[in-house]
Amino acid sequence: MLNLNRHNVIASLAALALATAACDKDGDTLYTNGPDRAELSSTSSDIVLDKDHLQALALTVYWNENGEISISDPRVAAPASAASNTLQFSASSDFSEVVEDNVESGVYYRQYTCEALNNLVGRLGLEGGVTGTVYLRVKTVLGANIDAKYSDVMTLRITPYFIDMSIGFILDASQNDSGRTLASPASDGVYSGFFGAAAWENWWLREGNNTIWGNDGVTGTPFVMGNSTTGLDIWNFWFPGMSGCYYTVVDTRSNEWSALLIPELKIGGDLDGDIHMTARPTSGPTPSWLSPAL
């Protein structure tokens, strides 16, 4: 049980309302155990995904409404749906690495088509045509300073279909193919390579499963990613105001991307010299060292 100052509770939840008059004096304390632990259920436990029926419903996950919060002071009431829920998928039972799917407040179920679920388990490293085990749970959070609670763990057996995930396709600002790529040799959702960028160039990345990645659409988080499957707003990626060659990494597993400006490369061995890196021209042929990206 967590001991919180009344004003801190109100500020952190931004939703608590006093049912009656204020406390008799400042400094009164409130206690909360947070939301109840979710109880998780699903419509399926053994799933074979079919690439010929991409929009067919493959999985429905639902859980009990757990937004009711117990407060020790009966004069203070927490609103319904004050807790936030996130579905966590993992290929390991200890959830050491997870793929998360955030759920809107007040929603207590999630449905996945064959295409959406195949994309998700692909990020976990499941191999196409091979049945793998996926672990699923609900993470429930009341506030940043309160420990999360987790539902029971559900075990799913899922057979994904094969998609070539070794190449990420760079799209321009209008989501048209730019002819450039980033590589994922392990097909593990981590794409990297040299990117000749103009100042403030903005772009998207499309995976082989047609998922489009961009910025998460939140001001102040320029390197946090979002994708087209969540239904949430996403923005394009953009480079800073300095043109040149950037070593760029798009990591769909951690939902982060990075770009390191490379002004010059030094090479040795049979060849010895310096390569000065410049931005990709806006017209004319693409330099051979930029296409495709390494």
Every residue from the stretch 202-234 that is within 25 Å of residue 55 (Cα to Cα) and either in contact (Cβ under 8 Å) with a residue 60 or more places away in the chain or open to solvent by 50 Å² or more (accessible area, probe 1.4 Å) (or both): 206, 207, 209, 210, 211, 228, 229, 230, 231, 232, 233
Given the criteria under 19 Å from the mean Cα position of the chain (by Cα) and free of Cβ contacts under 8 Å to residues at least 24 places away in the same chain, does residue 186 qualify? no
Only one of 96, 166, 174, 184 that is crowded, with 21+ Cβ neighbours inside 10 Å, among the polar types (S, T, N, Q) and at pLDDT 90 or above: 184
Checking residue 263 against (1) farther than 20 Å from residue 214 by Cα; (2) open to solvent by less than 80 Å² (accessible area, probe 1.4 Å); (3) modelled with pLDDT of 70 or more, which single condition isn't satisfied? (2)
For the stretch 32-43, does any single residue satisfy the condition of being loosely packed, with under 15 Cβ neighbours inside 10 Å, farther than 29 Å from residue 146 by Cβ and modelled with pLDDT under 75? yes
Inside the stretch 109-122, can you point out the residues that are open to solvent by less than 40 Å² (accessible area, probe 1.4 Å) and under 17 Å from residue 86 (Cα atoms)? 112, 116, 117, 120, 121
Within the group 131, 155, which residue is over 30 Å from residue 249 (Cβ atoms), open to solvent by 20 Å² or more (accessible area, probe 1.4 Å) and modelled with pLDDT of 95 or more? 131
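The values are calculated or read from the model by the stated rules, or taken from the named source; none is laboratory data. This structure is a prediction, so every number in the text was calculated from the model and none was measured. Glycine also receives a Cβ, built like all others from the backbone with ideal geometry; neighbour counts cover every protein chain displayed. SASA here: full protein model, heavy atoms, side chains in, ligands and nucleic acids out. Shrake-Rupley method; radii C 1.70, N 1.55, O 1.52, S 1.80 Å.
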